[in-house]
Every structure is written in structure tokens, then in C-alpha cells.
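Chemist: Here it is: the structure, laid out below.
The values are calculated or read from the model by the stated rules, or taken from the named source; none is laboratory data. Computed from a predicted structure; not experimentally measured. Reconstructed Cβ throughout: ideal geometry from the backbone, glycine too, with neighbour counts over all protein chains shown. Each accessible area value is taken on the protein alone, full model and side chains, heavy atoms only, with ligands, DNA and RNA left out. Shrake-Rupley method; radii C 1.70, N 1.55, O 1.52, S 1.80 Å.
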Amino acid sequence: MHNKQVALVSGANKGIGLQIAKDLVAKGFTVLVGSRNLEKGKMAVNDIGEGAQAVQLDVTNQHSIVAAAEYIEKEYGRLDVLINNAGISHPGKSDGNFPESVQSGLLTVAPMEDIRAVFETNVFGVIALTQSMLPLLHQAPAGRIVNIGSSGGSLTWNSNPDNPHRAMFGTYSSSKSALHAITLAFAFALESTPIKVNIACPGFTSTALNNFAGTRSVEEGAREAVRLAMIGPDGPTGTFSDENGTVAW
């Protein structure tokens, strides 16, 4: 197991994260399934099979992040791939009505505590987890960081008056815009190292995040993240893409 490449996927007990974990195991990785609820993580590991290991990980809790880093250091001594997949569209449980949840997330009406909760997971959680895992990524021959972004957070796309989807640009979308920015910040800071940092856009994938209103399968949504996790030394850094190519910033 220790001779295999080691990947950590946050929020991997369901949805796109779970599919990414399955795909990486199939590619020969040892995959650490990050889950806020360890029991749910163990259930996901049972679904994935050999090659996966559940790790308690709450990206909004620094003690949880540090404990995960210490576990990886002790068991594996390095981390080859970090996939920042954990994300929320709004606090609390899904209410089953995607259009209403989008409207309640518009910045003209969204409660500040809801906005802070979304940014805490989607932005600050990514920064905190990446910072804590960097020493382990530096121990790998060529570390890879893949952040799960969204074309819904594209400033280019949403600034186009002909784009009807920009009516949904609110808390979640702006948190993804911020995620795109911090991805560039990490990519530029690490440009002189072997570590590469990129954004994968999964598209409108059917998951709990959108109350399963998405039109793409998790298999499709996971595809670009898995590709970016496996790029070679000549691969890019600081890019934003889906399986069809470059996505506008």
C-alpha cells in the first residue's frame, strides 16, 4: 500500500468526491476518503473496496485537519494528490427545492451567517486544508492539487448579459469565484516547485449540492478532476478546465 500513490479527497463519502475516490482507486492509488462523519466515510470505503481508507475530516475544523495530516504523515509519510472537493451550496439540509435554495442564496437577501458558512467550507476550508497538507505534498516526487471549481463562478461567463444563468449568481457562485482566485494564488506561490495546482469544473452534476437537479452523472463530473490528478511533469498549473478544455475565468 505504501508504494502506491496516495490521494486525499475531501467530502468523499458521497457525490462527485466518492466517484473521484472510486476512479483513483481503479487507477492504482491508495485513496483517503475524507468525511466529516467517520461512519459515513467507512460506508463509502465499503462501497469502494480495497484501496480506500476512511479519514475523519471536517475542513471547517482545524483540529480535524491537523489530525488528518498527522495520520497521513504517520501512515504514509507523504501525500501525492490533494483533491479539495468538499463544498456546500447553502447551510443545513437540502429542502428538495433547488430554485428556492438558489433564490435564498442571492446576496441581496442571504443571511450573513449563511454566507459565512458557505465561504467557511468552500474557500477558507480549502486554504486551511491545503496549507496543512503542503508539507506532505512536498514529500511526494510531484504533488498535485485539484480544486473543484464551477463555471457558475466564472466572472467572464456571468458578466455576459446574454447569459440567463447569471440570475443565479449569489453566495455559492461567488464562493467559487473566490476559490478560483485562491487556486491561482497557490499555483503562483508553488510555481518553482514540482507541485501543480489546477481547477476542475465538473459541470451541472446531479448531487445533493443541487438537490439532484443536475443534468450530468457523477461519472462525468469526476472525469476532469481525475485527469488533473494524474498529469505529468509537463502538465499545466494554474488552469481552469473541464473535459472539453479551458473554462473562462
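Chemist: Only one of (1) at pLDDT 95 or above; (2) in contact with a Phe, Trp or Tyr (Cβ under 8 Å, 6 or more places away or on another chain) is not met by Ser151, so which one is it?
Modeler: Here Ser151 meets the rest and fails (1).
Chemist: Say whether the condition of being at pLDDT 95 or above and small (Gly, Ala, Ser) is met by at least one residue in the range 88-108.
Modeler: no
Chemist: Ok, one more. Identify, from the list Gly203, Gly232, the residue that is open to solvent by less than 40 Å² (accessible area, probe 1.4 Å), at pLDDT 95 or above and part of a loop (DSSP other than H, G, I, E, B). Talk me through it step by step, then tell me what you get.
Modeler: Details: Gly203 fails: at pLDDT 95 or above.
That would be Gly232, the only listed residue that is open to solvent by less than 40 Å² (accessible area, probe 1.4 Å), at pLDDT 95 or above and part of a loop (DSSP other than H, G, I, E, B).
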